[in-house]
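Enquirer: Structure incoming, see below.
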Amino acid sequence: MNKHATEPALMSLTAVARAIAEKKFSSREVTQSCLNRIAEWQPRLNAFMAIEAESALAAADAADADLAKGKNRGPLHGVPLAHKDMYYDAGKVVTCGSKIRKDFVPNTTSTALQRLKDAGTIRSGSLQMVEFAYGPTGHNPHYGAVHNPWNTDHITGGSSSGSGSAVAARLTFAALGSDTGGSIRMPAHFCGVTGLKTTVGRVSRAGAMPLSQSLDTVGPLAQTVEDCALLTGLMAGFDPEDLTTSTKPVPDYVAATKGSMKGVKIGVPTAFYVDDLDAEVGRVLDETLATLKKEGAEIVKVELPNQAQLTAACQLVLATEAATFHKRWLIERPGDYGAQVLMRLQNGLAIPAVSYLEAMRWRGPALAAYLAAVTGTDAVLAPVAPMPAPSIAESDVGNSTNAEAVIQRITKFTRPINYLGLPSLSIPTGFTKSGLPVGMQLVGRAFDEATLIRIGAAFQRATDYHAKVPTLT
Amino acid sequence: MTKPGPKEVSAITATAGVPVDAEAAARIANSIGPAFDGFAAVAGTLPFDLEPASYLLVQTAEVST
């Protein structure tokens, strides 16, 4: 018998939403299936910050009652989801992965979350994250490290650590993450799920914990590109509560998943993103290019401007803006931060205003130079990180003198894209010999998530890496 | 662009109202040094009229592939 028939938690978001709408499964059956997996996996993964079984089942029953009366709340009616614990949900504790906000209860709900609620989702709990979303590994000194379901000795990546781990283990059908320096793409890559970093200004950040106002982006992690397309379409668009959001119309992202790869031109960088690669990441990159070509894409080499300069500029902007948000707590409660986050926030205090503003002023010319270099291509393909998931032990660097160097290597391929503010879709593209997932990122033009979705969905029709499920050993 | 050493870090953080001790200043200087090094070729070269908002103009420009 098809396992999905007895364990709906294994279905994709798109499939389970359809199954509930067609009354093949009730919302209670689906929610209970997720809760069963959460009970089984949580002791090994530490992916959830809070598990809200009772209220989730009550909400599921209400959704079922509505459907029985012919009232369908939206395209995600009765689907249980959990999100990174930094999206304000009025009346619920939102810890932001921190000790400082362990009892923080907002009185507003974030726009992104509200739009998903309006589409019919219900809440199963909240997901772990790196303290204040400021770290790429998944370590958290206050709530413990989150574990990778493919090998629990390894990191999930961060800062959306719980989102990557929980989606991979099928504890939630999808989860919101946030990406300021790679925090959606990294866990997607390390945990073998799909993640979409949206263009700066595409999805509202109102009610989402800030880290860097110039770089923060909201986006989903899910099993499939189609799931990410569905969620992004529901969340995207202008928000009067966040005037940095664009008024550009939101395309039909789900329709974009139906396109083929024929006629698509994909650029592959000649340097930087192909340097210093772990051998197995290099192998997966070659295999991915071969698949894209077989499916009809044309592969061309692109010579990008100096990407290391973008990384440096990103660090100047991120460190300064993060330190500014946190200044009051740095004065009043420095002892309540974990050692690594405190050190990194202090870094930002030492960056002169002129250096910060120079990095901000260069953003326009840097983006123009990048776009000129990729003219004629639809997307650029690159690894998300030079390596598969490191072990928890080897990446537990705290505030040691080499901590920033370790962080820089992990985020080497993601930060330039944050500085440019471009969309980037991370898709599972293979596994190492030891069974750790490897993902690749497709980087597109500003507000052209649809092209990335088209390419990513076509890739997933040709492969099954995204459909593989880790087993509890 | 000159990167701040521990002494400069101590002065800047104190001016910012969040002073750090000598050990932290040394650690900060070590951590942020590569960002200054990496941006050195750009720093001090930008044209006079360049506004940070030029980013939005480039981002929202319609481009064809």
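No lab work stands behind these numbers, since they all come straight from the coordinates. Computed from a predicted structure; not experimentally measured. Backbone-built Cβ (ideal geometry, glycine too); neighbour counts: all protein chains shown.
Enquirer: Just flag the GluC sites (Glu not before Pro) in the range A:255-317 sitting in loop per DSSP whose Cβ has no more than 14 other Cβ atoms within 10 Å.
Expert: Those satisfying the criteria are A:303.
Enquirer: Counting DSSP beta bridges in the protein assembly as shown, what percent are antiparallel, to the nearest 5?
Expert: Here the share of antiparallel DSSP bridges comes out near 70 percent.
Enquirer: What is the spin-label model distance, in nm, from residue A:467 to residue B:14 if the labels are put 7 Å beyond Cα along the C-beta direction?
Expert: Rounded to a tenth, the inter-label distance reads 6.5 nm.
Enquirer: Any idea what angle helix B:22-39 forms with the longest principal axis of chain B, computed on alpha-carbon atoms, 0 to 90 degrees, nearest 10?
Expert: Taking Cα atoms only, the helix is inclined about 20 degrees.
Enquirer: While we're on this one: Mind putting a number on the dipole of the protein assembly as shown about its Cα centre? Charges go on the C-beta only, +1 for Lys and Arg and -1 for Asp and Glu, and I need it in Debye to the nearest 20.
Expert: So the magnitude is around 740 debye.
Enquirer: A follow-up question, please. Per DSSP H run of n ≥ 4, the term is -39500 (n - 2.57); total these for chain B, divide by its residue number, and report the mean residue ellipticity at 222 nm rounded to 500 deg cm²/dmol.
Expert: Value at 222 nm, helices only: -16500 deg cm²/dmol.
Enquirer: Could you give me the radius of gyration and the Dmax of chain A, taking only the C-alpha atoms into account and expressing both in angstrom?
Expert: 20.6, 64
Enquirer: Follow-up question, since we're still on this one. For chain A, build the charge dipole from Cβ charges (+1 Lys, Arg; -1 Asp, Glu) around the Cα centre, then report which of A:221, A:59, A:154 sits farthest towards its positive end.
Expert: About the Cα centre, the residue reaching furthest to the positive side is A:59.
Enquirer: Also, quick follow-up: Taking +1 at the Cβ of each Lys and Arg and -1 at the Cβ of each Asp and Glu, which of B:56, A:418, A:377 sits farthest along the dipole of the protein assembly as shown towards its positive end, judged by Cα position relative to the Cα centre?
Expert: The one lying farthest along the dipole's positive direction is A:377.
Enquirer: Picking from B:19, B:34, B:52, which is most flexible by a Gaussian network model of chain B using Cα springs under 10 Å?
Expert: For chain B, modelled as a Gaussian network with Cα springs under 10 Å, the answer is B:52.
Enquirer: Would you mind computing the Rg to Rh ratio of the range A:9-109 from its alpha-carbon coordinates, Kirkwood style for Rh?
Expert: Value, to two decimals: 1.01.
Enquirer: Further question: Can you tell me the equivalent ellipsoid semi-axes for chain B? Use √(5λ) from the Cα gyration tensor, largest first, whole Å.
Expert: Semi-axes (√(5λ), whole Å): 34, 13, 12.
Enquirer: Could you work out how far the C-alpha centroid of the range A:104-136 sits from that of the range B:8-64, in angstrom?
Expert: Cα centroid of the range A:104-136 versus Cα centroid of the range B:8-64: 31 Å apart.
Enquirer: Now a separate question. Counting Lys and Arg as +1 and Asp and Glu as -1, each charge on the Cβ, what is the dipole of the range A:66-128 about the Cα centre in debye, to the nearest 20?
Expert: In debye, rounded to 20, the range A:66-128 gives about 20.
Enquirer: I would also like to ask the following. Return the calculated 222 nm mean residue ellipticity for chain A, to the nearest 500 deg cm²/dmol, obtained by summing -39500 (n - 2.57) across DSSP H runs with n ≥ 4 and dividing by the residue count.
Expert: Rounded to the nearest 500, the figure is -12000 deg cm²/dmol.
Enquirer: Let me ask something else. Residue B:25: net charge of surrounding residues, Cβ under 9 Å, Lys/Arg +1, Asp/Glu -1, itself excluded?
Expert: Net charge around residue B:25: -1.
Enquirer: So which lysines pass the test for residue A:197, namely a Cα distance under 25 Å, with those fewer than 8 places away in the same chain ruled out?
Expert: A:84, A:117, A:248, A:258, A:262, A:265, A:293, A:301, A:412, A:468
Enquirer: Which of A:45, A:114, A:347 sits closest to the plus end of the dipole of chain A, meaning its Cα is farthest towards the positive end, when Lys and Arg get +1 and Asp and Glu get -1 on the C-beta?
Expert: A:114
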